[in-house]
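Here's the structure we're looking at; comments come further down.
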Amino acid sequence: MLISKVIGSTVSTVKNENLIGCKLLILRQADETGKPFGKPYVAVDTLDAGIGDLVLTAHGSSGRQTTQTKNSPVDAVIMAVIDHLSVGGQVSYRKE
Amino acid sequence: MLISKVIGSTVSTVKNENLIGCKLLILRQADETGKPFGKPYVAVDTLDAGIGDLVLTAHGSSGRQTTQTKNSPVDAVIMAVIDHLSVGGQVSYRKE
Amino acid sequence: MLISKVIGSTVSTVKNENLIGCKLLILRQADETGKPFGKPYVAVDTLDAGIGDLVLTAHGSSGRQTTQTKNSPVDAVIMAVIDHLSVGGQVSYRKE
Amino acid sequence: MLISKVIGSTVSTVKNENLIGCKLLILRQADETGKPFGKPYVAVDTLDAGIGDLVLTAHGSSGRQTTQTKNSPVDAVIMAVIDHLSVGGQVSYRKE
Amino acid sequence: MLISKVIGSTVSTVKNENLIGCKLLILRQADETGKPFGKPYVAVDTLDAGIGDLVLTAHGSSGRQTTQTKNSPVDAVIMAVIDHLSVGGQVSYRKE
């Protein structure tokens with residue numbers, strides 16, 4: 001799973017029928033302190049995550065292992081909202 | 001999913017039998033403003049997307065989760081045409 | 001799918017039993033003009049492609065969605081030989 | 001599989017129901033001497049690995065081939081704790 | 001598939017039960033002349049490959065398409081030992 005920060009949202013009228021009602025958020029991968037890096041990508045949100053949240057995303061066929069994404073053409077899903085991260089015995093990130 | 005811009009098309013006479021009638025477009029990944037970067041790749045278009053459209057693409061086995069791509073040797077599909085993208089509360093891209 | 005150029009071939013005596021009779025070619029990814037870049041990789045050829053051909057390759061489990069590669073430990077297959085590519089309304093590559 | 005070093009842990013209250021009771025650790029890929037490099041990622045621990053351990057991780061759908069991760073939206077699992085690594089006939093890493 | 005050179009081996013006492021008796025080798029990706037590059041990774045050996053051999057590896061779910069790796073949490077398998085590689089009509093690598 002990737003540690004990622006939710007930075008935005010997408011709107012699409014023309015889309016695959018399985019995606020109707022599906023919330024597609026824009027994310028960037030982040031490090032253990034929550035600092036984002038790299039290019040944006042899009043994942044399905046099944047946990048009502050908000051902009052600015054640090055989350056974990058599962059990719060590939062694993063992105064389809066939720067009730068909402070099963071059998072859909074999606075390859076990334078938010079499967080956890082991070083409360084805190086610890087590295088080397090120290091809290092490196094804590095949700096505000 | 002990747003945010004990608006449709007930049008061209010491909011023509012192949014010799015191809016896997018499951019791809020007959022399948023529209024294969026050339027794309028480049030794009031950022032949240034729609035600016036393309038990186039090398040071109042090819043995805044199946046099931047939504048009648050046009051050159052210049054910003055779209056979302058699903059990859060790997062997720063690219064086979066549509067009626068048109070099921071059981072075919074394809075690993076990327078356009079599953080949404082983007083109307084607009086918002087980042088940090090601002091519209092970063094809007095379809096013309 | 002990746003646009004790739006066929007650059008060579010492989011010979012293996014010791015191999016998985018499912019690969020007996022399977023043609024394994026060496027390719028390099030290419031851009032929309034057919035110019036190769038990056039490191040070589042190997043894909044199964046099910047279309048009798050030749051050295052120098054520009055082709056499309058499907059990867060991961062999608063590489064197993066052909067009669068020849070089903071249930072085999074292979075993760076890339078040539079599924080189309082490219083006749084021509086068009087970018088921005090111009091032909092960027094044409095097979096000789 | 002990737003050689004990776006366990007560097008930390010994650011805590012999430014809001015998560016997919018299949019992840020309840022699931023231990024999610026933070027890792028960084030490592031070389032054959034155990035030296036970590038690159039950005040952190042997260043994997044499910046099914047082997048009671050500890051911080052500082054060098055482990056092997058399986059990715060993608062292979063990350064779901066354990067009793068604990070089956071049918072869950074997870075794409076990486078720790079499937080071995082490394083005792084030692086040998087390269088070129090020499091021990092390059094030994095667990096302390 | 002990736003062209004890779006076998007450079008070493010791993011020993012693990014604590015591991016997933018499906019991996020008992022499974023030979024896990026350390027490899028580095030190689031070019032068409034057999035010259036290795038990049039960081040090491042680990043694959044299951046089902047062909048009794050030796051240190052120094054140039055091999056082909058299949059990744060992801062394709063790594064599980066052998067009798068030994070079926071249903072196991074492994075994402076890479078050696079599926080061919082290379083005798084020789086030809087690029088541009090010339091032998092670029094030959095096994096000694």
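Here are the numbers:
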item: Inter-copy separations for residue C:17, label at 7 Å along Cα-Cβ, nm, ascending; result: 2.7, 2.7, 4.3, 4.3
item: Ascending list, in nanometres, of distances separating the residue E:51 label from those of the other copies (7 Å, Cα toward Cβ); result: 3.5, 3.5, 5.7, 5.7
item: Test item: D:81-93 mean partner chain Cβ contacts at 10 Å; result: 5
item: Positive minus negative residues near residue A:36 (Lys, Arg vs Asp, Glu; Cβ under 9 Å); result: +2
item: Lys, Arg +1 and Asp, Glu -1 on Cβ, resulting dipole of chain D about Cα centre, debye, nearest 20; result: 160 debye
item: Alpha carbon centroid spacing (whole Å) that separates the stretch E:56-96 from the stretch B:40-77; result: 28 Å
item: Kirkwood hydrodynamic radius (C-alpha pairs) into Stokes-Einstein, chain A, 25 °C and 0.890 mPa s, D in µm²/s; result: 179 µm²/s
item: Environment charge of residue C:17, counting only residues whose C-beta is closer than 15 Å and scoring Lys/Arg +1, Asp/Glu -1; result: +2
item: Total formal charge among the other residues, if their Cβ is under 11 angstrom from that of residue A:81, Lys/Arg +1 and Asp/Glu -1; result: -2
item: Shortest-first nm distances, residue E:90 label point to equivalent points in other copies (7 Å, Cα→Cβ); result: 3.3, 3.3, 5.4, 5.4
item: Cβ charges +1 (Lys, Arg) and -1 (Asp, Glu), total dipole of the protein assembly as shown, debye; result: 240 debye
item: Neighbouring partner chain Cβ atoms per residue of B:64-75, average, 10 Å criterion; result: 6
item: Point-to-point label distance, residue D:33-residue E:35, nm (Cα→Cβ direction, 7 Å offset); result: 2.3 nm
item: Residue E:71 paired with residue E:91, simple spin-label distance in nm, labels 7 Å along Cα-to-beta-carbon; result: 4.4 nm
item: Pairs from C:35/E:5; C:23/E:23; B:23/D:15; B:35/C:70 whose Cα-Cα separation, in the structure shown, is over 30 Å; result: B:23/D:15; B:35/C:70
item: Most fluctuating residue given options E:69, E:33, E:57, as computed from a GNM of chain E linking Cα atoms under 10 Å; result: E:33
item: Stokes-Einstein D for the protein assembly as shown, Kirkwood Rh over Cα pairs, 10 °C, 1.306 mPa s (µm²/s); result: 69 µm²/s
item: Average beta carbon contacts from partner chains per residue of E:40-52, 10 Å cutoff; result: 3
item: Pairwise label distance in nanometres, residue D:23 with residue E:23, each label 7 Å out on the Cα-Cβ vector; result: 3.2 nm
item: Burial ranking of peptide ranges A:87-94, E:45-52 (average Cβ count within 10 Å, highest at the top); result: E:45-52, A:87-94
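Each reported figure results from applying straightforward, stated rules to the coordinates on display, with no laboratory input. These numbers come from a predicted model, not from an experiment. A quick note on method: Cβ atoms are made from the backbone with ideal geometry, for glycine too, and the neighbour counts reach across all protein chains shown.
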